[in-house]
Structures are given as structure tokens and as C-alpha cells.
Amino acid sequence: MDLASTVLQLTGATSALEIAQGHQSRVFDLLMVDGRRLVGKVVDDAVTLDVVATRAAAVAELADLDSRVCRPVPIDGSLVNVITDESGGSALLLCSEYAGGVPFDEANSEDAALMGATLAGLHRSLARLAPRDIPEVAALRAARVDGDEAVQLLHGDFNTGNLRRDGSTVKVFDFEDCGYGPRTTMSNVARWTTSSISECAPSDTGSTTRQPRPWASACQRRSGVGRCARSSRATSPDGPDVVRILSWASPCDLPSSPS
């Protein structure tokens, strides 16, 4: 049986349109009998069922705290269901609310600022969750993080592909990579938030120019991935000054997101 048919059979959806396919996952737009649209994501079993289920339960609790989070939807009473993929192997199916709206445009200063504000708010909500047995953010596993900075649960893959906006309403989804890490390393900032955004800063004249920042390389050394925006201690309650940093995006002519 093909994967779409398997998903249809388990969820009871009337249609399953595949909308994305990645290295370890396939994503379906599901139309349910009651008219709801859900997203069904099939991931391979490289990550254990226990970890995936713990992450899904954390996201369900997070959705109670933060309306921006797309809520996981249980199927047959479970947030994670084991299915058989087309090769006969095991895979995991997770369903969640469908995020309407349009993608963020990182080249638009208003979108960039809203993205930064969203990330700051999301961090505050994530910090309210009780500790869980979830690994650290994958991008940090090979890095040695020094210092006494507290860690908290992070999205793990915060980028424009995992956000939608409808006016001022924002939805965040795809928490399958969530894990623990230091908030100010910002390793979970959008993939395009690399050295190009770290090197952009407003000049004294108000224009934005590319300027090497001493904290950019330090941040990259700390995170090991070069994706964070700033390594210095924050002066605002939001941790890193993500709103200001991301608002620099538009004049910086950022490169497109890497594949």
C-alpha cells in the first residue's frame, strides 16, 4: 500500500495531498470528514518512539500556553502512531493543526522584526515547560558549550519554512527537532540567519552596511554551527536582541535559504 493510502486509512481523512518530502519525512495536507484541514507528517524511525512521543506531548502542552503553536492532533487517542511505510519498514505519523496564511519573507523588514518577536515570545513560553527527557538540539551535539548559562527547550529548527502569518497572526510548527540548549546561542534561529546577518549592522548614518562583528565568530565557535545571531549576554528580558538583529535583514540582501 502506498504511503498516502496508509495515512488515509489511519486518519479517516477524505484526501491526503503530499505537499513536502524531505530526507527523513514526508508531509501530507489532510482533509478530514468534518471539514478540518490537518497536516500529517510521516517521519522515519531513526528517532525512538519514546523521544518523538515526549516531544509531541511537550508541544501539546506548549500549545495550551502559546496560541502561535500549531496544536498536535491525536489519532486514535495517540499523538504518535506507528505505521508501515512503502518499503515495509516502520515509520511514525504525527498530525497537527494546519497553518493557514503565507510564509514569512526574510527580506522584508516587517516580517523579519515579527519573526524575531515571535522567537522571543516562543522562548518565553518554552521556558515555562517542566523539564522532560528530550535530547539537546541536534546542531549542538557536536559542540561544547561552556559557561554557566541555563539551558531550556528550544524549537530546534526555527526558520521561515516553519512559520506562517495571516496579518499579525503567526503560527509556528514543525517542532520535531526541538531539544535543549542555551537560549542565547540562538542555534535554532532560521537557517538563513548565518554570518551574513551577524555581519550586518546599522551605521551611524542610519543606513545598513556589512560590518564584521567580533561576536559573530565567537558565537559560531560556541554553537559549532554558525547559525546564532549573537553570543553576548542580553540586556533585554527576551535574551538575545533578536528583534533588532532580524530587523536588519531587509537591507542586508540575505542569501536564500540553503537546501
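You will find that of Leu119, Leu65, Leu79, the residue that is touching a strand residue (DSSP E or B) at 6+ places or on another chain (Cβ under 7 Å) and either surrounded by fewer than 16 Cβ atoms within 10 Å (Cβ to Cβ) or on the phi < 0 side of the Ramachandran plot (or both) is Leu79 and no other.
Would you call Ser25 farther than 21 Å from Ile134 by Cβ and either in contact with a Leu (Cβ under 8 Å, 6 or more places away or on another chain) or in contact (Cβ under 8 Å) with a residue 24 or more places away in the chain (or both)?
Numbers: farther than 21 Å from Ile134 by Cβ: no; either in contact with a Leu (Cβ under 8 Å, 6 or more places away or on another chain) or in contact (Cβ under 8 Å) with a residue 24 or more places away in the chain (or both): yes.
No.
Among the conditions (1) in contact with a strand residue (DSSP E or B) (Cβ under 6 Å, 6 or more places away or on another chain); (2) free of Cβ contacts under 8 Å to residues at least 24 places away in the same chain, the only one that Gln9 does not satisfy is (1).
Whether any residue in region 71-82 is assigned by TED's automatic domain parsing to the domain that holds His23, in contact with an Asp or Glu (Cβ under 9 Å, 6 or more places away or on another chain), within 24 Å of Gln152 (Cα to Cα) and touching a residue at least 12 places away in the same chain (Cβ under 8 Å) is what I want to check. Checked against the condition, which is being assigned by TED's automatic domain parsing to the domain that holds His23, in contact with an Asp or Glu (Cβ under 9 Å, 6 or more places away or on another chain), within 24 Å of Gln152 (Cα to Cα) and touching a residue at least 12 places away in the same chain (Cβ under 8 Å), region 71-82 yields at least one hit. What are the residues in region 153-176 that are modelled with pLDDT under 90 and under 17 Å from Ala58 (Cβ atoms), if any? Within region 153-176, Gly156, Asp157, Phe158 qualify. You will find that of Ala107, Ala130, the residue that is touching a Ser or Thr at 6+ places or on another chain (Cβ under 6 Å), part of a loop (DSSP other than H, G, I, E, B) and not charged (D, E, K, R) is Ala107 and no other.
Would you mind finding the one in Asp2, Asp45 that is surrounded by fewer than 16 Cβ atoms within 10 Å (Cβ to Cβ) and without any contact (Cβ under 8 Å) to a residue 60 or more places away in the chain?
Values: Asp2 fails: without any contact (Cβ under 8 Å) to a residue 60 or more places away in the chain.
On inspection, the qualifying residue turns out to be Asp45.
Looking at Leu10, Leu94, Leu49, Leu30 in this structure, which one is out of contact with any Pro (no Cβ under 8 Å at 6 or more places or on another chain) and closer than 27 Å to Thr169 by Cβ? Even if it seems obvious, please write down each step before you answer.
Working: Leu10 fails: closer than 27 Å to Thr169 by Cβ; Leu94 fails: out of contact with any Pro (no Cβ under 8 Å at 6 or more places or on another chain); Leu49 fails: closer than 27 Å to Thr169 by Cβ.
Exactly one residue qualifies, and that residue is Leu30.
Within region 98-116, count every residue that is at pLDDT 90 or above and crowded, with 16+ Cβ neighbours inside 10 Å. Don't jump to the end; show me each part of the working.
Start the filter on region 98-116 by keeping residues that are at pLDDT 90 or above, which leaves 98-104.
Going one step further and asking which of them are crowded, with 16+ Cβ neighbours inside 10 Å, we end up with 98-99, 104.
Total meeting the criteria: 3.
Meeting the requirement of 2 or more residues that are within 17 Å of the chain's Cα centre (by Cα), the strands (runs of 3 or more DSSP E) wholly within region 7-84 are 15-21, 25-31, 37-44. Take the conditions at pLDDT 85 or above and in contact with a Leu (Cβ under 7 Å, 6 or more places away or on another chain) and apply them to Leu119. Does it pass? For Leu119, the condition - at pLDDT 85 or above and in contact with a Leu (Cβ under 7 Å, 6 or more places away or on another chain) - is not met. Tell me, which residue of region 85-104 that is part of a loop (DSSP other than H, G, I, E, B) and within 16 Å of the chain's Cα centre (by Cα) is farthest from Gly161 (Cα to Cα)? The extreme case among them is Tyr98. Residues in region 44-64 that are closer than 14 Å to Ala91 by Cα and of a type in the set (D, E, K, R) were compared, and the one that is modelled with the lowest pLDDT is Asp45.
The values are calculated or read from the model by the stated rules, or taken from the named source; none is laboratory data. None of the values given here were measured: they were computed from a predicted structure. Glycine gets a Cβ as well: all are built from the backbone with ideal geometry, and neighbour counts include every protein chain shown.
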